[in-house]
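Please read the structure below before turning to the comments.
We did not get these values from a lab; they are worked out from the coordinates using the rules stated. The shown structure was predicted, so the numbers you read here are calculated from the model rather than taken from an experiment. Every residue, glycine among them, receives a Cβ derived from its backbone with ideal geometry; neighbour counts consider all protein chains shown.
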Amino acid sequence: MAEFLMALSEEEATLLSRVAIGFVVCLGAIIGSFLNVCIYRIPINQSVSYPRSHCFSCGKTIPWYHNIPVLTWFILRGKCANCKAPISFRYPAIEAITAVLFLMVFQMWGNPKLFGLNPLSIPELIPFFWLFVASTVVDVMIDIDHRILLDRISLGGTLLTFVVAGAFPALHGSNLWYEGVLTSFCGALAGFGIGFAIAFLGERIFLQDAFGFGDVKWMMLFGAIFGWQGLLWIMLMASLIGLVMGCGVLIYNRVKGLSDEQAVAIPFGPALGTAALVWLFWSRAILKGFLAARNWVLMHEQGFLWVFVPVLLLMSGWLVFRIRMIRKYNRELMEAEAAEAEATLEPIAEPTTDQEHPHA
Ligand SMILES: [Zn+2]
């Protein structure tokens, strides 16, 4: 940890670090509570500061003593104190997740060995990464709810990262401000370029924006923060996580007797955001594991067959399945629209003047 802690006795240092950890967890939970508000209100263009939090069922403003992150939900057993309407478990879950993510960012600097985290060389970057994890939680949840990724996070975040990379080039392991900015800039460019190529091809193959422009802009941010190599790893992990998530939803839907289309229509944002967070915390461990795996494969040639071929087959199978389902879904959608248009087709009265054209 930092030098000033070295001057303290061991007991004092332990106490201080416990106080710091408690503070960070509380801060994370409070921020998580605010993120819940952002996730709900930003997509429907409501102010995040006014009005104060209220029950969705009875509309009663929630008093401060019933608005304590995580704890309130358990004390009130997931029900509104006034009308007893159920409150989603999602709220305390997001507060708890944010608290854990805040603590992990802090421990990257404080005690990275504990969970095998990437070490953070300077504490000045802690607030920046807190902002990053918080914005990722918001984007993932809004993508699940509305299939939107916020521009203010992707574009605003990219610009902020350029500034931070110049002020603290340690972000990219450098001491020179222009190296920091250049690495961020090249990463952002790579993120935009690769993302744009995937979006373009995806539109041709899937016949719809399966990988939307929102994802492209978010990849630009990841490139700015993690550099172009980090971005490639995040893409690779995101496709693996997306595969697992997709299969999970598919199996769940089959068990519940729902249609496969809902499994196919899941957004890519959650997989992309999860991959970026995993890379933030464990990129060193992942690279180490990858090198070990590569060495193992080089020593056992048949290892390649047993490990990589099944993964490759599974991924291509999933891709083919998704393409077929999305094409089928789009075809049905177009047929339904055509049928509807035919049903509602009425003789249109000739427009008298251009200004009064009713269908313009
Ligand atoms: Zn209520």
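Phi angles of segment 23-29 translate, via the Karplus equation with coefficients 6.51, -1.76, 1.60 and θ = phi - 60°, into HN-Hα couplings of 4, 5, 5, 4, 4, x, 5 Hz per residue; Gly and Pro are given as x. Across segment 113-119, rounded Karplus estimates of 3J(HN,Hα) from the backbone phi angles (6.51 cos²θ - 1.76 cosθ + 1.60, θ = phi - 60°) give 5, 4, 10, x, 6, 5, x Hz, Gly and Pro being marked x.
For the pair Phe115 and Glu11, label points projected 7 Å from Cα toward Cβ lie 3.1 nm apart. Only lysine pairs 8 or more places apart or on separate chains count here, and in the chain those with Cα atoms under 22 Å apart total 4. Could you tell me how far the Cα centroid of segment 33-60 sits from the Cα centroid of segment 270-349, in Å? For segment 270-349 versus segment 33-60, the Cα centre distance is 34 Å. The alpha carbon gyration tensor of the chain gives principal lengths a ≥ b ≥ c with a/c of 1.5 or higher and a/b no greater than b/c, which makes the shape oblate. Think of segment 8-117 as a dipole: +1 on every Lys or Arg Cβ, -1 on every Asp or Glu Cβ, centred on the Cα centre; then among Leu103, Ser9, His66, His66 lies furthest on the positive end. Per-residue 3J(HN,Hα) values for segment 304-314, derived from phi via the Karplus relation 6.51 cos²θ - 1.76 cosθ + 1.60 with θ = phi - 60°, read 4, 5, 6, 9, 7, 5, x, 4, 4, 5, 4 Hz in sequence order (x marks Gly and Pro).
Build a GNM of the chain with springs between Cα atoms under 10 Å apart, and of Val140, Val307, Val105 the one that fluctuates most is Val307.
Distances between placed amide hydrogens fall under 5 Å for Lys79 paired with Ile87, all partners being 5 or more residues away or on another chain. Once the chain from Asp151 to Gln46 is taken as fully extended at 0.36 nm per residue, the excess over their C-alpha distance is 36.2 nm.
Residue-normalised convex hull volume from the C-alpha trace of segment 143-242: 90 Å³ per residue. Summarising the amide proton neighbourhood of Asn67: residues at separation of 5 or more, or on other chains, whose placed amide H is nearer than 5 Å comprise an empty set. With 0.36 nm allotted per residue and the present C-alpha distance subtracted, the Glu342-Arg327 stretch has 3.2 nm of extension available. With no solvent and one equal point scatterer placed on each C-alpha of segment 8-117, evaluate the Debye formula and give log10 I(q)/I(0) for q = 0.12 Å⁻¹, two decimals. Log10 of I(q)/I(0), two decimals: -0.52. Largest mean-square fluctuation among Pro69, Pro119, Pro86, in a Gaussian network model of the chain whose springs join Cα atoms under 10 Å apart, belongs to Pro86.
Once backbone amide H atoms are built at 1.01 Å from N, His54 has Ile62 as its partners under 5 Å, excluding neighbours fewer than 5 places away on the same chain.
Taking the chain as a Gaussian network of alpha-carbon nodes connected by springs under 10 Å, the highest mean-square fluctuation of the residues His66, His172, His300 belongs to His300.
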